[in-house]
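Below: the structure, in structure tokens.
Quick note: the coordinates plus some simple rules give every number you see, no bench work behind them. Being a predicted model, the structure only gives us computed values, none of them experimental. Glycine also receives a Cβ, built like all others from the backbone with ideal geometry; neighbour counts cover every protein chain displayed.
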Amino acid sequence: MSLSRRVADRVVSEVEWIFLKTLSAKNRFPPLFVVGAPRCGTTIPLLHLVNTFEFSYFPNISKRNPQHPLIAATLGALIWDYTPTTESNYGVVKGPMAPSDGWQIFHRWFPRYDHSEQVDTESLSDLRRMVAFLEFLMGGPFLNKNNNNSTRIQELSQLFPRSLFVHIRRNPRDAVASLIRAREEKGVSPDEWWGVAPPHRHDTAPTGTVERSVLQVCEVDDHIRNSLQEISEYRRFGVWYKSFCEKPERLERWVEDKYDDFGSDFVRHANKPTRTAYTPSSSWKSLSISTRNQVEKLLSIHCR
């Protein structure tokens, strides 16, 4: 990055920081967080909701400018529109105004997603102000799908006491197979995590792609379920990925009912997608027989 670009970024970031500190807007809606273990199919439900209802979110242009995401989103909204799609590449949707996970932005408060490090709770109110501004800019509740936030449910629930959570689960065999394939395509080392790690294993885990993949899928899902038990059943909805694909209207109905209960002015797009079902994919059979046997053995130990 050139010196002039760094200086400009610094100035714009300072302007946004001053604006954020003076912003007194309150959250109009309960935010909705889609959570799930890596490769469990959280992206399709997210896109279905964005394509169906008026939601706000961190667009890709904000993710690319994490030091001043609100200014980026405002300028982006003036220049580009989001074109509804169900296409993604490992959770990444193309387009400057397409929804992103906002990982670099959440990283401000959740360092490295390492539970051994303290969350910056003193400045978490800035996140609440950011969400309030995005609600105003985009005209709907804040929606986020970020697998890393799957291990921060308690902090998010405390920051947003009325927040809603949708937990996507997937057949562990399919999730593990998809994760193994992703690691291979991305060239991830066998002694590294790809995506969110089980909180108590962030820096300590067996070396090996297969075992790490099984631990990620099983133990992150366990952590999510345990965290959600601390939240009112009214505010959470769990669904298997295959079931969602067969009947996505169940999730639509739950989301719509919840915002109606809160008295929110929740808007359904006039051009609602005609797609009423999705076809779940599986990489299971692409694994070798020996790898499948290893996965099955590990799943019997670590998954419940």
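For the chain, a Gaussian network of Cα nodes joined below 10 Å ranks 164, 78, 70 by mean-square fluctuation, and the top entry is 78.
Look at 14, 87 and count the other Cβ atoms within 10 Å of each Cβ; fewest to most, that gives 87, 14.
For the chain, modelled as a GNM whose springs connect Cα atoms under 10 angstrom apart, the maximal fluctuation among 125, 150, 281 occurs at 281. Enumerate the residues in region 83-106 having an amide nitrogen under 19 Å from the point lying 7 Å beyond the Cα of residue 277 toward its Cβ. The answer is 86.
Mind sorting out which of [x] 57, 46, 36; [y] 84, 49, 34; [z] 71, 52, 47 is the real Cα extents along the principal axes in Å computed from the coordinates? Structure-derived value, by its label: [x]. Highest mobility in the GNM of the chain, judged by mean-square fluctuation with C-alpha springs under 10 Å and restricted to 38, 280, 198, is found for 280.
Note on 219, 122: ascending count of other Cβ atoms within 10 Å places them as 122, 219, the fewest first. Taking amide H as placed 1.01 Å from N in the peptide plane, residue 169 has its amide H under 5 Å from the amide H of 239, 240, 241, each at least 5 places away in sequence or on another chain.
Of the chymotrypsin sites (Phe, Trp or Tyr not before Pro) found in region 259-293, the ones in coil according to DSSP and having at most 15 other Cβ atoms within 10 Å of their Cβ are 262. When +1 charges are put on Lys and Arg Cβ atoms and -1 charges on Asp and Glu Cβ atoms, the dipole computed for the chain relative to its Cα centre reaches about 500 debye. Normalised by the number of residues in the chain, the mean separation of alpha-carbon contacts (under 8 Å, six or more apart) gives a relative contact order of 26 percent. Computed about its Cα centre, the charge dipole of region 1-133 is approximately 140 debye, with only Lys, Arg, Asp and Glu carrying charge at their Cβ.
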